[in-house]
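Report on the structure given below.
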Amino acid sequence: MPQYSYTYVSADGNKITGLTSAKDRSAALTVLRGQGVRVLGIREAKAQASHRFKLPGRKVGIKELVVFTRELSTMIDAGVPLPRSLATLSDQTENKKFKVVIEAVTHDIESGLPLADAMAKHQGTFSEVYINMVRAGEAGGILNDILKRLATQVEKDSAMRHKIRSAMAYPVVILTVTIIAFFGIMMFIMPKISKIITDLGGPDAQLPIYTRVMIGTSEFISSYAIFIIAAFVITMVTFRRYIRTEKGRYRWHLFLLNMPIFGKIIAKVAVARFSRTFASLMGAGVSVLEALDVTGKAVGNRVIQRELDDVAKAVKNGQSLGKQLVEASYFPPIVGQMMLVGEETGKIDEILVKVADFYEQEVDAVIDSVASIIEPIMIILLGAIVGLIAASVMGPIAGLSKNIGG
């Protein structure tokens, strides 16, 4: 059944975009008007699939989502009806975009949609794992408990991402500055210095090999700067498009996993995310196969996701989940062993939470050690480039000046 995007006016006068399913446009209009919706415009969603809906305000932050999740859990636990809870949270949020999203979710719920289905229309705000856990909570009648687990999980995941980004920020800045400085020197400074050297020693002056290399590099960059920039932009655009394809993304993720040092960090982050998400889903009463499917999409790596798909097929055929994880390529044996213990004791969720805590601590330790090593390496690299340029310039000038003076 096709989906139709429609714009309507809320009770407080805001314009909100919604999504509904109907056999045709007329049927969609009839259903919406029957619900008392004041429709301003409606079109088939496929017609605008190439771009996202533009909502006012800044992006919904992790802290805002965590606060929303915790407060919604508390209000539901206190017996406040879901539409009223959402309306209250919509009134108190300061983020205009999030306010519009909550109002749209509230409207869909009042129209008869489950909370998970209403949130699924706004996947830019609510992740697939978030939506599926809410769906499991609704099915099991434990939505308040699920929301508490979700808030904790979102916080943990956000903390890990922040840790990785913070550790990589300094090396990335140093590398960027080094590249910009190098090209700046090659394009604007070296040509002038090359002219000075030529004026002092003449066109037949004998220069050191590293000086000739630097001058040649400078001439090449200066002559073909536009082509170099164009080639770089085309390469980046092509690369980004390629990794957005299923095949390209798989190969890129495989390359990342096989990188020295960083591959281990990526694998440990994926294991920690798998353990915590799978534990939350199992604790919510989700079936093992459904939990594997949702968790595979949440780990953020296509290679590990495919491996989890293979694990799910084996489990569906009667194999032990713990045994399959022991034999998996990108999961440490301890994860499979802990899963076996969880299967035997019936405490998979509790054991996997401990596994997640352990690997999150491992990631923190590895990131700290890598950051402490990368920073001096980048400084040494920057110093070496500056030193090489200085030696290739000052050495010949000093030598030629001495010859002229003699």
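Values in this text are rule-based calculations from the coordinates and carry no lab data. This one's a predicted model, so the numbers in the text were calculated from it and none came from an experiment. Because the Cβ atoms are built from the backbone with ideal geometry, glycine has one as well, and the counts that use them run over all protein chains shown.
Computed from label points 7 Å out along Cα-Cβ, the spacing between Thr30 and Lys192 is 7.8 nm.
By the rule of a C-alpha distance below 20 Å, with chain neighbours fewer than 8 residues away ignored, the aspartates and glutamates paired with Lys297 are Asp117, Glu128, Glu155, Asp157, Glu246, Glu307, Asp309, Asp310, Asp349, Glu360. Adding -39500 (n - 2.57) for every DSSP H run of four residues or longer, then dividing by how many residues the chain holds, sets the calculated 222 nm ellipticity at -24500 deg cm²/dmol. Each Cα pair under 8 Å and six or more residues apart adds its sequence gap; the mean of these over the residue count of the chain is a relative contact order of 13 percent. In plain terms, the residue of Met236, Met187, Met75 with the fewest other Cβ atoms within 10 Å comes first and the most crowded comes last, giving Met236, Met187, Met75.
A simple rule links phi to the HN-Hα coupling: the Karplus curve 6.51 cos²θ - 1.76 cosθ + 1.60 with θ = phi - 60°, which for region 244-256 gives 7, 6, 4, 5, x, 5, 4, 5, 5, 5, 5, 4, 4 Hz, with x for Gly and Pro.
Sort region 62-126 into rounded, prolate or oblate with this rule: let a ≥ b ≥ c be the square roots of the eigenvalues of the Cα gyration tensor; rounded if a/c is under 1.5, and if a/c is not under 1.5, prolate when a/b is larger than b/c, oblate otherwise. Judged from the Cα gyration tensor, region 62-126 comes out rounded (a/c under 1.5).
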